[in-house]
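Okay, structure first, notes after.
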Amino acid sequence: MRRQVIEKLEILADAAKYDASCASSGGKRENTPTGIGNSTGAGICHSYTEDGRCVSLLKVLFSNVCIYDCAYCVSRRSNDEVTRVAFTVEEVVELTMGFYKRNYIEGLFLSSGIFKDADTTTEKLVAVARSLRQDHGFNGYIHLKVIPGASPELLTEAGRLADRLSVNVEIPSEAGLKEVAPDKDYHQVFGPMGHVRDGITEAKEERKKNRRAPRFAAGGQSTQLVIGATPETDRQILELSDGLYSEQKLRRVYYSGFVPLGGDDRVPDPETYRAPLHREHRLYQADWLLRKYGFELDEVAPPGSGNLDAEIDPKTAYALRFPYLFPVDVNTAPLEWLQRVPGLGIRSAKRIVAARRRGVVRWDDLRAMGVVLKRARFFLTTPDHRPQLLDRSPESVRQRIVGGKGDGAPQLSLFAPAPVRLAAPASATSPAPPIARAA
Amino acid sequence: MTTSPTAPPKPAGPPALPVDPHLAVETDGTLAGLLCAYAETYKRGALPASVGLIGEPASGALFGDVVRVETEAAIAGRVERGLERLVPGLVGRIHRAILGERPGIEVAALRLADAVRAEGAAAADDWTFEPAREVAQWSGRVGREAHRMEAFVRFERHVADGAETWVATARPEYHVLPILHGHFSVRYPTLAWRIVDARRGLALVHTPVADRAEGALPTRIVPAVTLGLGDEAPDEAAYQRMWRAYFQAVTIPERRNLALHLRHVPKRYWPYLTEKQPLD
């Protein structure tokens, strides 16, 4: 029996690996004295694949038998190259428990090919989660994939059992989706996504009134967009993400550079096409600016801008598009502005704010605080560092950043360092952010 | 807007103590010992230039005075409450920092504690103040190593006299066993597990609540040599094989990026990672 399970595991893990989500965070499930597992913290990556992706969950398909024929998917109906197999509920449960007790994983991410219809498939996924929770006292992380078209009752039960639910949009435009996945449309995707969103909102409301009310997918909802299988630009993709965050209240959008599998001429040919890993990376950076740094979509990717700059990160690109907003004085600028400086992260910006409560922050302090001076030096000032940004064209700054040799040393200046002006009001040296945000 | 240069913070107490270059103290090496050392030096009106271990000779002749600090739970508790009231989380930060076993870090911790007492909470997060930065950086390093242990420790199931024990071995860079118990005790309360630190010859041993004496702590740290091992459980090899098979299957060859992989999983962890053992 083991032999058979290991073969299924290889096939069904291989088929699930193109799903980028690995998060095990955001759960709020505490363990019980006799239970096993919890998912309360920030999530743990228990290993990393040789391509550098986090391995946090046992990520498998329940079955790779599928009635759909999506060109980007290895399990598509018309692909004769794969062996079709399916786990039993007990097999997935046993694997999850055995792996979890050995500290290999944070939990389970279960998806499936649609082997009969949406409800039959979803019923199996729910049965696995139910057995883990009820028969085994499992309080680790469970992420279930929602099968488009599943009934609201099943979705509700799935949401009670799971920490996260996800419906993959996959293709960033409906026209593109129709091209490569003739059986799917956006209605099928956004229907269940809306249902899950409402479930999450309702459960949160209920729990405000009654602390014992059941949770519903407390880790939130996520989705994935496949990059490069269809011709959408980065601006179009980010527009979609922005809408998913604001309207569907998604916790995360994942971007998955399309890896061509061959044998289907509706998508790019592996002979001539390379997976757009670099583009994927820039999209993630832009996504962080939208979610965590208070940037607006148009600031990160102006309307009609096509793809993001491949050579520089989106924050540096933003700074070079608006050179008159810089440099920023680290000793007076508000936190929201420090976070907009290329080379400064949320953490180093907070460190600066904490340090200047007691004194003046100087150039040498910045390095210790984790600031990436190679980029930041053009965009910030300290009493002993005053870049002459206005004399430089954005293009020359760009060249210097891309050229990449800079060690971050202060520019030699003909002038003595300007006197320290501690009492300068913040507004005198740093312009207000163009889009004011509640702090 | 949350920030603009603010007025100098109100001093929280008498001014910061000077460091006496001739003063050395000795403690038992624990966090409680260090907190007691702070109480002792505060009484004397000067901070020490060195903190050593009781019984281990300090770098001798430099120091006129070597003060031996007895650890008293009541005193340590009082110092801890005082610091926590000023800066919640500071004692945990100091604890992690000293587990880095870095010479001189205790002195930095005492200077930090004293600055917080004298100048207020803002000193703790001021990275331009060297003791605050050193403690924060070492706390970060040790915390990261502990987090990696939470991720990379691999339990193997052993059976002796019908009872199962889950055994993991690791070689942490820093002495992280004292800060791992919480995570694993909450996660596996019903399992008898232990984590062996092969570098230091110590083991963190957990006893499930059902097997514990009234009032006994869930975990203790003991010399690893005192522990018997039992036999590997019959299904252990199969699970390890399945995990290796899984790990192979989830790699996307077209995306292979070994530099990134090594940044996440440095080679020093490989000897104890199940997925890094040869396929069979």
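Annotations
- The residues of the stretch A:327-347 that are more than 16 Å from residue A:295 (Cα to Cα) and either more than 9 Å from every other protein chain (Cβ to nearest Cβ) or among the charged types (D, E, K, R) (or both), listed by number, are A:327, A:328, A:329, A:330, A:347.
- Counting only residues that are at the interface with another protein chain (Cβ under 8 Å from one of its Cβ atoms), within 28 Å of the chain's Cα centre (by Cα) and not aliphatic (A, V, I, L, M), the stretch B:224-266 holds 3 of them.
- Within the stretch B:130-152, not a single residue is more than 10 Å from the chain's Cα centre (by Cα) and in a loop (DSSP other than H, G, I, E, B).
- Those residues of the stretch A:272-298 which are without any contact (Cβ under 8 Å) to a residue 40 or more places away in the chain and closer than 19 Å to residue A:180 by Cα, in sequence order: A:272, A:274
- Failed criterion for residue B:191 (all others in (1) at pLDDT below 95; (2) within 30 Å of residue A:7 (Cβ to Cβ) hold): (1)
- Summed over the stretch B:134-161, the residues that are among the charged types (D, E, K, R), free of Cβ contacts under 8 Å to residues at least 40 places away in the same chain and within 9 Å of chain A (Cβ to nearest Cβ) give a count of 1.
- For the stretch A:177-195, the tally of residues that are in contact (Cβ under 8 Å) with a residue 60 or more places away in the chain and part of a helix (DSSP H, G or I) stands at 2.
- Where residue B:240 falls short, out of the listed (1) at pLDDT 95 or above; (2) within 26 Å of residue B:144 (Cβ to Cβ); (3) not hydrophobic (A, V, I, L, M, F, W, C): (2)
- For residue A:8, the criteria (1) more than 7 Å from every other protein chain (Cβ to nearest Cβ); (2) of a type outside the set (S, T, N, Q); (3) in contact (Cβ under 8 Å) with a residue 40 or more places away in the chain; (4) surrounded by fewer than 21 Cβ atoms within 10 Å (Cβ to Cβ) hold in every case but one, which is (4).
- Being touching a helix residue (DSSP H, G or I) at 6+ places or on another chain (Cβ under 7 Å), surrounded by fewer than 20 Cβ atoms within 10 Å (Cβ to Cβ), more than 9 Å from chain A (Cβ to nearest Cβ) and under 15 Å from residue B:50 (Cβ atoms) is true of residue B:102.
- Hey, residue A:245 in a strand (DSSP E or B) and within 18 Å of the chain's Cα centre (by Cα) or not: no
- Of the residues making up the stretch A:92-131, those that are of a type in the set (S, T, N, Q), surrounded by 22 or more Cβ atoms within 10 Å (Cβ to Cβ) and in contact with a helix residue (DSSP H, G or I) (Cβ under 9 Å, 6 or more places away or on another chain) number 5.
- Residue within the stretch A:37-48 that is more than 25 Å from residue B:275 (Cβ to Cβ), crowded, with 19+ Cβ neighbours inside 10 Å and touching a Ser or Thr at 6+ places or on another chain (Cβ under 7 Å) present: no
- Residues of the stretch A:332-378 that turn out to be touching a strand residue (DSSP E or B) at 6+ places or on another chain (Cβ under 9 Å), small (Gly, Ala, Ser) and either under 20 Å from residue A:285 (Cα atoms) or not in a loop (DSSP other than H, G, I, E, B) (or both), as a count: 1
- Taken over the stretch A:75-107, the residue count meeting the criterion of being assigned to a loop (DSSP other than H, G, I, E, B) and either within 11 Å of chain B (Cβ to nearest Cβ) or aromatic (Phe, Trp, Tyr) (or both) is 6.
- Any pair with Cβ under 8 angstrom, 6 or more apart, that starts in the stretch B:188-209 at a residue that is away from chain A (no Cβ under 13 Å) and ends at one that is among the acidic types (Asp, Glu) and not in a loop (DSSP other than H, G, I, E, B): B:203/B:197; B:204/B:197
- Scanning the stretch B:171-187 for residues that are more than 11 Å from chain A (Cβ to nearest Cβ), surrounded by 15 or more Cβ atoms within 10 Å (Cβ to Cβ) and either in contact with a Phe, Trp or Tyr (Cβ under 8 Å, 6 or more places away or on another chain) or assigned to a helix (DSSP H, G or I) (or both) yields B:177, B:178, B:179, B:181.
- Residue check for residue A:233: at pLDDT 90 or above and farther than 30 Å from residue A:36 by Cα: yes
The values are calculated or read from the model by the stated rules, or taken from the named source; none is laboratory data. It should be emphasised that the depicted structure is a prediction, and the values quoted were computed from it without experimental measurement. Note that we place each Cβ from the backbone using ideal geometry, even for glycine, and neighbour counts take in every protein chain shown.
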